[in-house]
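Written out below as structure tokens is the structure these notes cover.
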Amino acid sequence: MSSGNDCQLQTFTKPAFDEKEATELVDKVFGLKVSWIRPLPSYDDQNFHVRVSRSKGVAEGADEYVLKITNSADSQEPDLIEVQTRAMLFLSTEGFPSATPYLTKDGNIMSLEPDTGPGNKKYMVRLLTYLPGTPVAKIATNTQILYEVGKLAASLDKALSEKFHHPSVKSLHRGQFIWNLANVPLLDQYIYALGQNKYREVVQRVIEQFKGEVIPKLSSFRACINHGDLNDHNILVVSSSASLEDPQYRVSGILDFSDMSYGYYVFEVAIAIMYMMIESPDPLSVGGHVLAGFESVLPLTEEERGALFLLVSGRFSQSLVIAAHTALLYPENEEYLMITAKTGWKHLMKMFEVGQAAVEKAWFETAEAYVKHAPA
């Protein structure tokens with residue numbers, strides 16, 4: 001859900017290729033013939049699910065791909081897209097269900113291609129393997145998958161931070177990147193999009209508390225590389241059991257690495273908790289199960305735990321404010337942009353109504369119950 005590498009959200013142009021143009025792009029750049037194509041939703045890039053027909057000379061492999069056309073702002077940062085794509089390749093070799101790129105006819109992982117319309121915009125184009133599964137947003141989540149998502153968040157960041165090396169990795173230091181959780185105070189300049197109401201008041205409260213209670217503690221948090229967007233549409237699952245009463249799932253796909261940046265381990269668990277709350281009928285209970293999964297790999301420190309409530313609230317605020325702002329600029333994409341808002345406001349307001357102490361108590365007691373009942 002990125003919107004450029006700085007806080008100027010209005011500077012990007014979302015690609016607007018039609019299906020015919022996208023089909024021609026796959027042929028021209030990757031040398032593959034598309035037999036079937038359909039658009040996929042995206043925040044500010046353009047994605048197509050494509051199926052290619054086999055022909056002589058084409059190497060065996062996957063027949064289905066995602067054609068990803070990056071927005072104009074991010075397309076100007078090839079080092080950043082390169083390192084994101086190399087990270088996906090690295091994770092795939094480490095056993096994570098991550099997409100991998102199909103090489104261009106020139107043997108590259110991406111290609112900068114011109115728009116066919118006016119304005120002479122150029123967009124970075126990649127063809128990524130299509131991953132099977134159902135988005136978490138479309139299943140009835142249970143405690144098992146919430147735990148698995150938490151475990152995934154910790155394992156993924158740990159692998160990237162300890163083992164991933166690339167010459168362009170420094171490009172992940174994205175100081176003013178609006179989606180990095182450290183940058184919640186930057187929401188001040190977009191809060192106008194909410195109008196004057198109770199929602200604006202609670203976001204202003206989050207921003208002020210964040211400035212006073214989280215920003216001064218950042219130096220005590222453990223730094224790492226964050227995926228940054230483990231939301232309920234970016235994690236795919238498949239059923240791993242036949243039980244209808246208590247279905248079990250395994251993660252089959254991790255999507256969208258465009259929000260990768262240097263951050264802190266506690267950011268990733270906060271982001272995962274917030275997005276897992278979105279579709280839950282009992283949102284305030286979610287955090288403990290996600291936290292338990294995360295801490296099975298990487299226990300949080302006392303300082304990190306103490307910031308969790310405001311970090312989750314901060315991510316709610318980022319998602320809701322940026323969506324409202326972007327929807328004003330791109331009303332034609334409002335339905336997708338406002339997915340989180342349908343329940344997000346209700347959950348954020350509830351968190352503050354119940355209060356930090358009570359919410360944290362529920363989360364931490366749930367997480368501790370896993371430790372007590374874990375097999376020796």
* With Cα atoms, 0 to 90° folded angle of helix 143-163 axis to the chain main axis -> 70
* Can you list the aspartates and glutamates whose alpha carbon sits under 20 Å from that of Lys372, skipping same-chain ones fewer than 8 residues off? -> Glu148, Glu295, Glu302, Glu360
* Asked: Among residues other than Ile81 whose Cβ falls under 10 Å from its Cβ, what is the net charge (Lys/Arg +1, Asp/Glu -1)?
  -> -1
* From the Cα gyration tensor of the range 134-373, with a ≥ b ≥ c the square roots of its eigenvalues, which class applies: rounded if a/c is under 1.5, or else prolate if a/b is larger than b/c, or else oblate? -> rounded
* To do: Just order 13-20, 33-40 by mean Cβ neighbour count inside 10 Å, highest at the front, would you?
  => 13-20, 33-40
* Protection-proxy order for peptides 164-176, 90-102, each taking the mean of Cβ atoms within 10 Å per residue, highest first -> 90-102, 164-176
* **By average C-beta atoms within 10 angstrom, highest first, the peptides 191-203, 274-286** => 274-286, 191-203
* Asked: How large is the accessible surface per residue of the chain, computed with a 1.4 Å probe and reported in Å² as a whole number?
  -> 43
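May I ask you to give the percent of accessible area on the chain that is carbon plus sulfur, with a probe radius of 1.4 Å?
Percent of accessible area from carbon and sulfur atoms in the chain: 53.
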* To do: Would you please classify the overall shape of the range 19-129 from the alpha carbon gyration tensor, given that a ≥ b ≥ c denote the square roots of the eigenvalues, rounded means a/c under 1.5, and beyond that prolate means a/b larger than b/c while oblate covers the rest?
  => oblate
* To do: Show which lysines lie in cross-link reach of Lys342 when reach means a straight Cα distance below 28 angstrom and same-chain residues fewer than eight apart are skipped.
  => Lys14, Lys68, Lys138, Lys151, Lys198, Lys211, Lys350, Lys361
* Asked: Ala242 versus Lys121, label points 7 Å from Cα toward the beta carbon: distance in nm?
  -> 5.1
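The values are calculated or read from the model by the stated rules, or taken from the named source; none is laboratory data. Keep in mind that what you see is a predicted model, and the values were worked out from it rather than measured. So basically every Cβ, Gly included, is an ideal-geometry build from the backbone, and we count neighbours across all protein chains shown. For accessibility, only protein heavy atoms count, side chains too; no ligands or nucleic acids. Shrake-Rupley method; radii C 1.70, N 1.55, O 1.52, S 1.80 Å.
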